[in-house]
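The values are calculated or read from the model by the stated rules, or taken from the named source; none is laboratory data. Fair warning: this is a prediction, and the values are worked out from it, not measured in the lab. Neighbour counts run over all protein chains shown; Cβ positions are idealised from the backbone, glycine included. Heavy atoms of the whole protein, side chains included, go into the accessibility calculation; ligands, DNA and RNA do not. Shrake-Rupley method; radii C 1.70, N 1.55, O 1.52, S 1.80 Å.
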Amino acid sequence: MKLTDNVLRSFRVAKVFRENSDKINCFDFSSNGETVISSSDDDSIVLYDCQEGKPKRTLYSKKYGVDLIRYTHAANTVVYSSNKIDDTIRYLSLHDNKYIRYFPGHNKRVVALSMSPVDDTFISGSLDKTIRLWDLRSPNCQGLMHLQGKPVCSFDPEGLIFAAGVNSEMVKLYDLRSFDKGPFATFKLQYDRACEWTGLKFSNDGKLILVSTNGGTLRLLDAFKGAVLHSFGGYNNSKGVVLEASFTPDSQFIMIGSEDGKIHVWNAESGMKVAVLDGKHTGPVTCLQFNPKFMTFASACSNMVRFALRVLCA
């Protein structure tokens with residue numbers, strides 16, 4: 001089924017999971033869409049089966065805390081950042097709940113973590129004003145970039161370049177094979193004193209970059225020219241919460257949650273808002289992603305909510 005404005009308006013809550021006692025700070029779908037894994041401020045890691053619609057397993061990271069959890073290319077391993085004790089990134093086997101490797105180096109909290117879509121490379125950005133490049137097979141940092149301010153960063157869908165958002169005013173594009181030579185493109189945007197950038201994502205077709213903020217505005221950029229194609233607003237974020245924004249897998253729509261538990265959806269081409277969905281959330285929708293393979297998406301506050309088409313919910 002093709003996603004259209006009307007199809008998106010037909011999505012309804014199919015299931016609410018109340019496994020967590022605190023905010024879910026991140027979740028990630030497996031590449032085959034069959035599972036989703038979440039990290040929470042209650043130090044838990046919950047694995048859900050998307051096909052059966054139920055939680056499969058819960059693990060804990062009580063000593064170090066857990067944030068920014070990401071699947072690697074193996075469905076039974078993840079990397080995540082710590083939000084207690086230190087700022088080391090950890091590589092965990094879900095199979096036996098044992099750490100495979102540690103990635104030390106950052107000395108302030110990690111605020112961005114992106115896994116390459118094609119190999120064992122990943123990048124991290126920290127409040128220590130650095131972006132580090134890593135390989136899962138080595139504990140040593142493979143590359144280091146010093147920035148002027150808080151970074152956000154992400155790989156493109158082909159894993160050939162990565163983007164770094166710097167100082168909430170410019171996007172720099174780097175070739176992974178020669179990033180030490182500096183960016184091959186820099187897009188400077190109008191600085192907005194009212195908010196700072198909290199996320200940066202490429203669309204699956206590689207043509208668009210979505211910049212999210214801790215204010216009430218999203219910006220959609222042309223990934224080749226850096227021009228701002230649309231600014232999206234009209235959702236509630238008065239308290240400066242970090243709200244995750246996402247593309248649908250076909251790159252045609254953009255979604256974000258809001259403080260009041262609603263999900264706002266825009267058409268990427270026209271810039272028009274096409275839907276506001278009720279997520280039945282008890283707090284701000286901090287996480288939101290569409291399943292890469294199936295016609296469902298998930299959103300989270302302290303609860304995980306699975307949306308599906310109305311016909312699937314009957």
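Longer than 25 Å from Cα to Cα, which of 84/188; 54/150; 2/273; 150/225; 239/262; 56/207 are they? Say none if no pair is.
84/188; 54/150; 56/207
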Next item on the list: Please state, rounded to one decimal and in Å, the Kirkwood hydrodynamic radius that the stretch 97-206 gives when every pair of distinct Cα atoms enters the mean of 1/r.
Entry: 14.4 Å
Margin query: Per q in 0.12, 0.17, 0.20 Å⁻¹, report the Debye log10 I(q)/I(0) for the stretch 47-119, using one uniform scatterer on each alpha carbon and no solvent.
Written below: -0.34, -0.67, -0.90
Note to self: Taking all protein chains in place and a 1.4 Å probe, what share, in percent, of the accessible surface of the stretch 1-137 do carbon and sulfur account for?
What the structure shows: 44 percent
Next item on the list: Filter the GluC sites (Glu not before Pro) in the stretch 157-221 to those in DSSP coil with at most 16 other Cβ atoms within 10 Å of their Cβ, and list the result.
Entry: 158, 169
Next item on the list: For every other residue with a beta carbon closer than 12 angstrom to the beta carbon of residue 241, add +1 if it is Lys or Arg and -1 if Asp or Glu, then tell me the sum.
Entry: -1
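How big is the charge dipole of the chain about its Cα centre, in debye rounded to the nearest 20, if each Lys and Arg gets +1 on its Cβ and each Asp and Glu gets -1 on its Cβ?
300 debye
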Next item on the list: In nm, give the distance between the simple-model label positions of residue 85 and residue 63, each being 7 Å from the Cα along the Cα-to-Cβ direction.
Entry: 0.4 nm
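For the chain, what does the helix formula give at 222 nm: sum of -39500 (n - 2.57) over DSSP H segments with n ≥ 4, over the residue count, nearest 500 deg cm²/dmol?
Value at 222 nm, helices only: -500 deg cm²/dmol.
Whole number in Å², please: accessible area per residue of the stretch 163-314, 1.4 Å probe, ligands, DNA and RNA not counted.
Per-residue value: 43 Å².
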Item checked: Compactness index (Cα Rg / 2.2 N^0.38 Å), the stretch 231-314 -> 1.04
Next item on the list: Quick one: pull the percent of accessible area on the stretch 190-314 belonging to carbon and sulfur, 1.4 Å probe, ligands and nucleic acids left out.
Entry: 50 percent
Checklist line | Convex hull of the chain built on C-alpha atoms - directionally averaged projected area, nm² | finding: 14.6 nm²
Check: For the residue pair residue 146 and residue 95, what label-to-label distance in nm results when each label sits 7 Å from Cα along the Cα-to-beta-carbon direction?
Finding: 4.2 nm
Notebook entry, point to check: In the stretch 17-162, with Lys and Arg counted as +1 and Asp and Glu as -1 at Cβ, which of these residues, 144, 64, 20, has the Cα nearest the positive end of the dipole, that is, farthest along it?
Noted result: 64
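Enter the per residue convex hull volume of the stretch 1-83, computed from alpha-carbon coordinates, in Å³ rounded to the nearest integer.
So the per-residue hull volume is 118 Å³.
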Check: If you take the alpha carbon radius of gyration of the stretch 156-293 and divide it by 2.2 N^0.38 Å, what ratio comes out, to two decimals?
Finding: 1.04
Next item on the list: Can you tell me the alpha carbon radius of gyration of the stretch 206-251 divided by the globular rule-of-thumb value 2.2 N^0.38 Å?
Entry: 1.20
Next item on the list: Treat each spin label as a single point 7 Å out from the Cα along the C-beta direction, and report the residue 49 to residue 6 distance in nm.
Entry: 3.5 nm
